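The values are calculated or read from the model by the stated rules, or taken from the named source; none is laboratory data. Bear in mind the structure is a predicted one, so any value in this text is a computation, not a measurement. A quick note on method: Cβ atoms are made from the backbone with ideal geometry, for glycine too, and the neighbour counts reach across all protein chains shown.
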Amino acid sequence: MVILDVDGVMTDGRIIYDADGMEYKCFNVHDGYGIARAIELGLKLAMLSGRSSKILHHRAKRLGITELHEGADDKVIVFEKIRNRHKLKNEEVCFIGDDEFDLPLLKIVGFSAAPHDAIKRVRNEVDYVAEKNGGKGAVREVLDLILSAKNLI
């Protein structure tokens, strides 16, 4: 299973508001294709965000991600529920995160990754730092790495 943080991983970290307070996020089409392909090839994917946003529901649905967890103050607690529900070991899970509050989960999964533009402390702790930035193909890069290692692509 691959668990994705959203802001700064699936997006470039920017949150745009219009004059009426409507929130906008930009997602990368290459990441989207990589996610859809990974699901098609049998990987389980989940989105795990510390923030809540209606946009996340739309994006998860478009990509075929059925595990969406938002407003997570403690990502490790949510991870444990996901892991137990899917009967997985920590070693069978990859988490891609980019900021300090992702570190507790990044430290316990089997494979941890971060976008190139993650904060330095995260980059120093993870197993893999992508060449691409968050929202600019980092998710696709990590998924391709996993799928390649499993001889699926």
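Things to note:
- Pick from region 7-49, criterion free of Cβ contacts under 8 Å to residues at least 60 places away in the same chain and β-branched (V, I, T), ranking: farthest from T66 (Cα to Cα): I16
- Evaluated against (1) under 13 Å from the mean Cα position of the chain (by Cα); (2) surrounded by fewer than 21 Cβ atoms within 10 Å (Cβ to Cβ), M47 falls short on exactly one condition, (2).
- Selection count, region 115-141, where residues are touching a residue at least 60 places away in the same chain (Cβ under 8 Å) and either in contact with a helix residue (DSSP H, G or I) (Cβ under 6 Å, 6 or more places away or on another chain) or part of a strand (DSSP E or B) (or both): 4
- Some residue of region 89-107 being in a loop (DSSP other than H, G, I, E, B), more than 12 Å from the chain's Cα centre (by Cα) and more than 17 Å from M10 (Cα to Cα): yes
- Considering only residues in region 1-37 that are in a strand (DSSP E or B) and within 15 Å of A113 (Cα to Cα), the one that is nearest to the chain's Cα centre (by Cα) turns out to be L4.
- Test for H86: is it surrounded by fewer than 14 Cβ atoms within 10 Å (Cβ to Cβ) and closer than 20 Å to L147 by Cα: yes
- From the options I82, I65, residue that is more than 22 Å from D127 (Cβ to Cβ), modelled with pLDDT of 95 or more and either part of a strand (DSSP E or B) or touching a strand residue (DSSP E or B) at 6+ places or on another chain (Cβ under 8 Å) (or both): I65
- Out of G97, G110, sole residue that is of a type outside the set (D, E) and without any contact (Cβ under 8 Å) to a residue 60 or more places away in the chain: G110
- From the list Y24, Y33, the one residue that fits, being more than 25 Å from L147 (Cβ to Cβ) and either crowded, with 18+ Cβ neighbours inside 10 Å or among the hydroxyl-bearing types (S, T, Y) (or both), is Y24.
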